[in-house]
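First comes the structure, then the notes that go with it.
The values are calculated or read from the model by the stated rules, or taken from the named source; none is laboratory data. Since this is a predicted model, take the numbers as computed values, not measurements. FYI the Cβ positions are ideal-geometry reconstructions off the backbone, even for glycines, and counts take in every protein chain you see.
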Amino acid sequence: MSTNRRVSDLSFFKVFPTKKLSLLLCGAILLSGCAGNNIVKVEPSVKQLHDLNDLDRDGVIEAREKCANTVLGATIDNYGCGKVSTYIVPLKVDIKFAHNSYILPPSAFPVIQQLAEMLEEKQDLKVFIEGHTSKVGSAKQNQILSENRAKAAVSVLVKDFNISPDRVSSIGHGFERLADTRDTATAHETNRRIMAELSKTVSVNDMVWTIYTVDQVQ
């Protein structure tokens with residue numbers, strides 16, 4: 001009985017390597033078959049035909065961009081062009097004078113400077129300055145005084161700000177056009193003046209609304 005057991009054990013060891021080898025061969029065959037059916041073919045890189053950059057950072061690619069260098073934060077259309085609004089900026093000159101004087105007060109110069117800047121910016125504009133007086137004294141005296149007041153402003157524009165003389169004109173109305181017809185000190189002070197009115201059209205980019213927009217308006 002012991003002899004038969006030894007023979008059986010020897011047979012087991014002889015058979016086991018054979019089975020193992022068979023399993024390994026079958027696995028290799030299966031793997032080779034799978035590998036042959038799943039070969040990945042690498043396609044060549046695709047050439048980009050359109051420029052997808054956004055150089056002015058407005059959200060529109062260069063391939064569709066029609067308006068370069070858009071103001072950052074402006075409202076734009078599909079082609080990167082900003083929307084612009086126009087409005088009129090008025091400038092009213094109303095400078096007061098001392099009694100019986102045509103010397104410009106110090107407070108007049110910042111106003112005249114604004115007028116000069118507008119004339120410099122808009123070369124097609126001309127300004128007409130009107131001189132006025134209060135109803136104190138003779139009509140002849142006040143007529144001359146009103147003309148001199150208007151000419152004083154013209155002189156500053158031409159000499160100090162280099163505005164062409166043909167773009168600036170003046171007239172004196174004496175006390176013919178009173179702003180206040182009462183015979184009081186306050187009325188006389190109101191009427192001693194020069195006046196001019198000018199306006200310009202300004203174009204401004206419409207900006208995109210943000211959470212800070214309300215604070216900016218306030």
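Just a yes or no: is a residue in the range 173-181 modelled with pLDDT of 95 or more, farther than 16 Å from residue 100 by Cα, within 30 Å of the chain's Cα centre (by Cα) and not β-branched (Val, Ile, Thr)?
no
Based on this model, can you work out whether residue 199 counts as surrounded by fewer than 18 Cβ atoms within 10 Å (Cβ to Cβ), at pLDDT 95 or above, out of contact with any helix residue (DSSP H, G or I) (no Cβ under 6 Å at 6 or more places or on another chain) and not in a loop (DSSP other than H, G, I, E, B)?
Judged against the criteria, residue 199 is not a match.
Does residue 146 fit the bill of being over 18 Å from the mean Cα position of the chain (by Cα), in a loop (DSSP other than H, G, I, E, B) and of a type in the set (Gly, Ala, Ser)? First the steps, then the outcome.
Details: over 18 Å from the mean Cα position of the chain (by Cα): yes; in a loop (DSSP other than H, G, I, E, B): no; of a type in the set (Gly, Ala, Ser): yes.
Considered against the rule, which asks whether it is over 18 Å from the mean Cα position of the chain (by Cα), in a loop (DSSP other than H, G, I, E, B) and of a type in the set (Gly, Ala, Ser), residue 146 comes out as no.
Out of all the residues in the range 165-180, is one or more loosely packed, with under 14 Cβ neighbours inside 10 Å and of a type in the set (Asp, Glu)?
Yes, the range 165-180 contains at least one residue that is loosely packed, with under 14 Cβ neighbours inside 10 Å and of a type in the set (Asp, Glu).
Take residue 130 and tell me if it is out of contact with any helix residue (DSSP H, G or I) (no Cβ under 7 Å at 6 or more places or on another chain), assigned by TED's automatic domain parsing to the domain that holds residue 98 and of a type in the set (Asp, Glu).
Against the criterion (out of contact with any helix residue (DSSP H, G or I) (no Cβ under 7 Å at 6 or more places or on another chain), assigned by TED's automatic domain parsing to the domain that holds residue 98 and of a type in the set (Asp, Glu)), residue 130 does not qualify.
Would you please name the residue that is nearest to residue 122 (Cα to Cα), looking only at residues in the range 154-175 that are part of a loop (DSSP other than H, G, I, E, B) and touching a Ser or Thr at 6+ places or on another chain (Cβ under 6 Å)?
First, pick out the residues of the range 154-175 that are part of a loop (DSSP other than H, G, I, E, B): 160-164, 173-175.
Subset that is touching a Ser or Thr at 6+ places or on another chain (Cβ under 6 Å): 173-175.
Working: 173: 28, 174: 31, 175: 32 Å.
Out of the qualifying residues, it is 173.
Only one of 151, 135 is at negative phi and assigned to a loop (DSSP other than H, G, I, E, B); which?
Matching residue, one of 151, 135: 135.
Could you list, in sequence order, the residues of the range 133-159 that are without any contact (Cβ under 8 Å) to a residue 40 or more places away in the chain and touching a helix residue (DSSP H, G or I) at 6+ places or on another chain (Cβ under 9 Å)?
137, 154, 158, listed by residue number.
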